[in-house]
Structures are given as C-alpha cells and as structure tokens.
Amino acid sequence: MTRVINDKSIVMVTGASAGLGRAVCVSLGKMGANVIALARNVDALAETQDLVEQAGGRCLCVPFDLLEFDAYGKLFLRLKDQIPHLDGLIHCAGSLQYCTPMQYVKTDDFRAMLDIHLTAPNMLTQSMLPLIRRAEEATVVFTSCEMLDNDLPNWHAYGLAKRALGYAAAMWHAEHADKAYRFVTIDPGRMRTALFRRAFMGMDPMEVPGPEQAAEGFLRMLTANADAVNGKSLKLEDALGL
C-alpha cells in the first residue's frame, strides 16, 4: 500500500544545513511533515528550520557531529521521549575535500571519508532503530552516487564508501525482511552543490540541476510500495517513476 507524508510524519535528515539535505527538509516541509534536521552548523540549521516552517512543516534542529560516534547513544536518549516514532531516516550528509589518485591519499583523509559516508549512516541507523520500530511503516534511505555502477578513478574512500552502501541496504533488508521498515539506496546524480563544485571544478555548476529535483526522488522512497524499494539500489529516474 502506498504511504503518504503528512503532519503526522516524522523524518530525520542528516546533512540538513545545505545542499541535498536542506532540499529534502524543505520538500518534507511542503508536505506538512515534522523534520528532525541534523548538521554541525547551528546558524545554517536555523536557516533550514525557517525554510521548512515557511513551507508548512515543523522542524526540530539538532546540532550534531556525525563523526562523534560516542554521542549517538546520547542522541537516542534525547529523542526517545520527545518523539513517538521515526517514519523515515534519510542520510544526506557528505563531505569531499578533493579528488586524487589513491596513492596520494593521506590516512586521516581516507578514514574520514569512510566514516562520514559509510560508518556514520550505518551506525546512526543502528542507534535510531528503536524509534524506527515504533512506526507503523518506516524507510531508511542511503545516498549513493554514480560510483555504484561506474569504476571511476580518483575518488578514493568516497567512492569505496558510496559503492558499499548498496550492499548496506541489501544487508539491512535481509536482516529485517519480515519487518515493517525498509532500506533503500538512491543515486541522485550530479547536483549543483558545494561538493559538486569541489569535485568538478572544471564544470559550470549551472550545467547540472539543483538538489530540489533529487529531493522529490527521496520523498518517493518514503511513500513507495515496500516491494519497489526494499533492499534495492535505485537511480533518481527510477525513484521519480514510482
């Protein structure tokens, strides 16, 4: 059965201070949803909150560093009595300083890319699972990229982490196949974001769409029939077609 997003829906979005994460938050706001916005930048989070509320939704801003793994338990304890459930957890947070051949990557930079793009979304999903279980139905969305299908050079740990997310969604689904919550990976394609500008410095950002179109695909993931998304890795055009 197709689900709806409304003023009873509660969705957590990471990377909510800018780019794709902010676009997803605002799109949820237009549907009247309750958004839990996670990001590090307090001022930017406040701007996201204003945009969500202007769009018609409600927004709880949670300044949070996803690389502080010891704080995940505290985050759950903070939320477990404030919200009745989580209908969605959308992992949009990401970072990229530069593209370079693997032979030149520093160990700390390699680890940081793995942590923010692979460790963090999986461990946050683990920490929020009790709230996800409280929902009648729920969806966890991992954000991948074109590395899921293409062997592109110079993306080092970013590309490795993003490719692994396809397996992560399938693994979570296999471990919870009989439950009323599902896991899906979506490749939103190239978008006009700060990460795109750093990765493709030779390209005109206006040659690619803004993140608003991609945000619509993420919302489709929340409302689609479970069989259409559970454990799958989809491209944006697939999501928009649901």
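Side notes on the structure shown:
- Qualifying lysines (Cα of each under 21 Å from Cα of K30; at least 8 residues distant if same chain): K8
- Accessible surface for the chain, divided over its residues, is 47 Å² per residue with a 1.4 Å probe.
- The radius of gyration of the Cα set in the chain, together with its Dmax, comes out at 16.8, 50 angstrom.
- Fully extended contour minus Cα-Cα distance, from K106 to D50, at 0.36 nm per residue: 16.3 nm
- Förster radius 41 Å - calculated FRET efficiency between Y98 and F69, Cβ distance, rounded to 0.05: 0.95
- Percentage relative contact order, the chain, counting C-alpha pairs under 8 Å, at least six apart: 21 percent
- Heavy-atom accessible surface of segment 1-75: percent carbon and sulfur, 1.4 Å: 50 percent
- Nearby aspartates and glutamates by direct alpha-carbon distance to K179 (threshold 18 angstrom, same-chain neighbours under 8 apart not counted): D87, E136, E137, D227
- For the chain, the dipole from Cβ point charges (+1 on Lys and Arg, -1 on Asp and Glu) about the Cα centre works out to 260 debye, to the nearest 20.
- In the chain, the DSSP-assigned H stretches of four residues or longer account for a calculated mean residue ellipticity at 222 nm of -13000 deg cm²/dmol, using -39500 (n - 2.57) per stretch and the full residue count as denominator.
The values are calculated or read from the model by the stated rules, or taken from the named source; none is laboratory data. What you see is a predicted model, and the numbers here were worked out from it, not measured in a lab. Heads up, the Cβs are rebuilt from the backbone with ideal geometry, glycines too, and the neighbour counts pull from every protein chain shown. These area figures cover heavy atoms from the full protein model, side chains too; ligands, DNA and RNA do not enter into them. Shrake-Rupley method; radii C 1.70, N 1.55, O 1.52, S 1.80 Å.
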